[in-house]
């Protein structure tokens, strides 16, 4: 049985780590290079960097962070933010990223998913889906949660996998930073709808939320930000907790 993953997420702005709630009200939470070293020492399964100020003027800072993390850390690195061209994908992979997250461009120029998968392999391509639920209807949002679309997240996920995405990162804007638990309904529907691993993100506030995600859905990984930023929690403790519940996770050092 494949091991379930616990994945810390670091949001970046101006080369610093930040954390907000529902994609707004961001505050500084520290140096991403130091955080990467700490998560490496804590044997994180994987580390995600997302540049929320995506753009060419910030690309240099992001690449520097990725280079340092890749040279000092022994875990897979997944990086996203402002990827709009195949050259962006190439630059991040050359800097040391193992996978890239394509979110807004997956809506506006879905051919980029296919192109990246054909050139670098599906294993490198993570399709990001940010969504909100309003009046019982879930819709995909883009541009860091500032612009709505008419896309259904589940149908969008299926289309992205057909284009070549090797993984889906499903992120609830409503639950982001709220620490009230994941959207298990959407997580279950997404994981059952596609043939590739789904990472659920948005809402983890305690280890039981991670356990519920793995016990009640077939997601492959649970991504966390606030859980590790704002409390005495770390990936080692999280995996120990999950293993004690019989959830298959990587061995704790």
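The values are calculated or read from the model by the stated rules, or taken from the named source; none is laboratory data. All of these numbers come straight from a predicted model, not from anything done at the bench. In this analysis, Cβ positions are derived from the backbone assuming ideal geometry, glycine residues included, and neighbour counts consider all displayed protein chains.
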**OP:** Considering only region 213-236, state which residues are crowded, with 16+ Cβ neighbours inside 10 Å and more than 18 Å from the chain's Cα centre (by Cα).
**Re:** 233
Subject >> Hits in region 29-69 - residues which are in a loop (DSSP other than H, G, I, E, B) and either modelled with pLDDT of 90 or more or over 17 Å from the mean Cα position of the chain (by Cα) (or both) >> reply: 31, 42, 43, 44, 45, 46, 55
**OP:** Select from region 176-199 the residues that are in contact with a strand residue (DSSP E or B) (Cβ under 8 Å, 6 or more places away or on another chain), over 19 Å from residue 136 (Cα atoms) and either part of a helix (DSSP H, G or I) or modelled with pLDDT of 95 or more (or both) and list them in ascending order.
**Re:** 191, 194, 196, 197, 198, 199
Subject >> Output for region 3-16, where each listed residue is touching a residue at least 24 places away in the same chain (Cβ under 8 Å) and assigned to a strand (DSSP E or B) >> reply: 4, 5, 6, 7, 8, 9, 10, 11, 12, 13
**OP:** Go over the candidates 185, 192 one by one and state the one that is farther than 20 Å from residue 10 by Cα and without any contact (Cβ under 8 Å) to a residue 12 or more places away in the chain.
**Re:** 185
**OP:** Check off (1) modelled with pLDDT of 95 or more; (2) outside any strand (DSSP E or B); (3) within 23 Å of residue 77 (Cα to Cα) for residue 168 and give me the number that stays unchecked.
**Re:** (2)
Original post:
Given (1) within 16 Å of the chain's Cα centre (by Cα); (2) modelled with pLDDT under 95, where does residue 123 come up short, assuming only one miss?
Top reply: (2)
